[in-house]
Amino acid sequence: MYKLIAIDMDGTLLNDQHHVTPGVKEALQQAKAEGATVVLCTGRPLGGVTRYLLELELTTEDDYVIAYNGALVQNTHTNENVVSLTLGYQDLLDLSNVAADLQTPMHFFDQQKLYTFDKDVSPYTVYESYVTQVPLSFRTKDEFDEDIVLPKIMFIDDPEKLEKTKASIPNHIKERYEMVQSAPFFLEILHKEASKGNAVKHLAEKLGIAQEEVMCIGDNGNDLSMIQYAGCGVAMENAIPALKEAADFITKSINEDGVAYAIQTKIRKS
């Protein structure tokens, strides 16, 4: 059977109301009871995952979470970091200059809060704070210490404007970071080595699990690396076309318990 099941959250695990349905919860509990390691693998900050880890009972000494699109892999029982790939103060300054040049809103996370330099706070920043339940704070650049540690920085805008921003980012900046689009209005900027695929690979190797024993389930561009890595890459029915094309299997949508269907179909046949 698949021994490691890595599952994206928004657009995958959670339905339109941001809930885990009883059917999905039952499927995850059954998979875990049969010996699989179930790992939430999300672009969300750690604070935006905690209540779901508790709800799904994924906080034993053998449980892990992947947050910030792979920048952090952590044991959920001991809080020990297995992987921690972060950005720093100079990255913040350089990327904020790019955002200003391109007239694109930007926000960023540390381990506790979501921050913005923009007095006119973007509605997408408000949305991010609301969905993840991470406190939002306006700060100026000189209010941050130079030893600040940032798991990720995000360019945010209306989809058509963000597409123009993506095309205009200088090549030397693109080469310096990992950039993934997690939603039509979110471009996430990470440490060069941070990705969901690398995080799942690192965790699988730590646990002694072979690549062919890994299932990954997702719906968006930031899930592509883990879908490509997995022994069984699963795309949701509501996934973007590129992810469906890369996947080994297409499951049902988020409002049809697609995660449960994938696990029940593929694990029972493996």
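The values are calculated or read from the model by the stated rules, or taken from the named source; none is laboratory data. Given the structure is predicted, the values throughout are model-derived calculations rather than measurements. Note: ideal-geometry Cβ built from the backbone for every residue, glycine included; neighbour counts use all protein chains shown. Remember, those area values only see protein heavy atoms, side chains included, never the ligands or the DNA or RNA. Shrake-Rupley method; radii C 1.70, N 1.55, O 1.52, S 1.80 Å.
Structure notes:
- Some residue of segment 105-119 being out of contact with any strand residue (DSSP E or B) (no Cβ under 8 Å at 6 or more places or on another chain) and within 21 Å of R51 (Cβ to Cβ): yes
- Any hit, segment 196-209, residues being closer than 16 Å to R44 by Cα, among the β-branched types (V, I, T) and part of a helix (DSSP H, G or I): yes
- Residue match in segment 85-95 (condition: surrounded by fewer than 16 Cβ atoms within 10 Å (Cβ to Cβ) and of a type in the set (A, V, I, L, M, F, W, C)): yes
- Qualifying residue in segment 180-199 (condition: of a type in the set (F, W, Y) and without any contact (Cβ under 8 Å) to a residue 60 or more places away in the chain): no
- Test set (1) touching a residue at least 12 places away in the same chain (Cβ under 8 Å); (2) over 23 Å from V82 (Cβ atoms) - Q228 fails condition number: (2)
- Answer residue from segment 196-229, given it is of a type in the set (G, A, S) and open to solvent by less than 10 Å² (accessible area, probe 1.4 Å) and is farthest from V149 (Cα to Cα) among those: G218
Matching residues to (1) of a type outside the set (D, E); (2) in contact with a strand residue (DSSP E or B) (Cβ under 8 Å, 6 or more places away or on another chain); (3) closer than 22 Å to V214 by Cβ; (4) in a helix (DSSP H, G or I):
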position	(1), (2), (3), (4)
H19	yes, no, no, no
A27	yes, no, yes, yes
Q30	yes, no, yes, yes
G35	yes, no, yes, no
V39	yes, yes, yes, no
G43	yes, yes, yes, no
L53	yes, yes, yes, yes
L58	yes, yes, yes, no
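- Of all residues in segment 242-270, those being within 17 Å of S225 (Cβ to Cβ) and not charged (D, E, K, R) number 4.
- When we screen E193, E237 for residues that are within 15 Å of the chain's Cα centre (by Cα), surrounded by fewer than 18 Cβ atoms within 10 Å (Cβ to Cβ) and at pLDDT 95 or above, the only hit is E193.
- Residues being within 19 Å of the chain's Cα centre (by Cα) and buried (at least 18 other Cβ atoms within 10 Å of the Cβ) - total across segment 109-123: 3
- Residue list for segment 1-17, restricted to those being open to solvent by 10 Å² or more (accessible area, probe 1.4 Å) and part of a loop (DSSP other than H, G, I, E, B): M1, Y2, K3, G11, N15, D16, Q17
- Qualifying positions in segment 166-176 - in contact with a strand residue (DSSP E or B) (Cβ under 8 Å, 6 or more places away or on another chain) and surrounded by fewer than 20 Cβ atoms within 10 Å (Cβ to Cβ): K166
- Some residue of segment 155-162 being among the hydrophobic types (A, V, I, L, M, F, W, C), touching a residue at least 40 places away in the same chain (Cβ under 8 Å) and either surrounded by fewer than 23 Cβ atoms within 10 Å (Cβ to Cβ) or in a helix (DSSP H, G or I) (or both): yes
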